[in-house]
1. So, counting K/R as plus one and D/E as minus one, what does the shell of residues with Cβ under 10 Å around Leu82 add up to?
2. Treating only the Cβ of Lys, Arg, Asp and Glu as charged (+1, +1, -1, -1), what charge dipole size does the chain show about its Cα centre? Round to the nearest 20 debye.
3. Tell me which residues come under 5 Å, amide H to amide H, from Leu82 once H is placed; ignore anything under 5 positions away on its chain.
4. May I ask for the net charge around Ala51, where only other residues with Cβ less than 12 Å from the Cβ of Ala51 are counted and Lys, Arg are +1 while Asp, Glu are -1?
5. In whole Hz and in residue order, list the ³J(HN,Hα) couplings for the stretch 75-84 that follow from phi through the Karplus curve 6.51 cos²θ - 1.76 cosθ + 1.60, θ = phi - 60°; x for Gly and Pro.
6. May I ask you to give the average projected area over all directions of the convex hull of the Cα atoms of the chain, in nm² rounded to one decimal?
Amino acid sequence: MCTLKPGVLLTETEYGMALLDQKSAEYWTLNPTAALVLRELLDGHGAERAAAALVERYEGVDADVAARDVMSIVEEFRSAGLITP
């Protein structure tokens with residue numbers, strides 16, 4: 001579970017999501033995979049549920065690969081200062 005850092009705005013796009021940090025004026029575009037992970041986290045689910053959502057959504061995705069991908073995506077969100085904790 002996580003929340004967006006205060007001042008970070010989110011909008012759904014045709015291709016995924018876009019995030020804007022109002023303080024730094026930086027923005028990020030998220031592909032559908034990263035958008036799904038972030039949506040799961042913002043909806044109160046943990047990394048395990050986000051990985052399961054990837055497996056459900058994308059046929060043929062291995063659960064272990066999905067779990068590693070989720071951890072990588074979450075680390076990128078944290079490193080960019082987009083989410084807390």
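Laboratory data are not the source of any read-out in this text; all were calculated from the coordinates shown. No experiment lies behind these values; they were computed from the predicted model shown. As a convention, Cβ positions derive from the backbone with ideal geometry for all residues, glycine included, and neighbour counts pool all protein chains shown.
1. -1
2. Working: 7 positive and 14 negative charges, 70 e Å.
The calculation lands at about 340 debye.
3. none
4. Working: positive: Arg49, Arg57, Arg68; negative: Glu40, Glu48, Glu56, Asp62, Asp64, Asp69.
Counting the neighbours of Ala51, the net charge comes to -3.
5. Computed from phi, the couplings for the stretch 75-84 are 4, 5, 4, 5, 4, 7, x, 8, 10, 10 Hz.
6. 5.1 nm²
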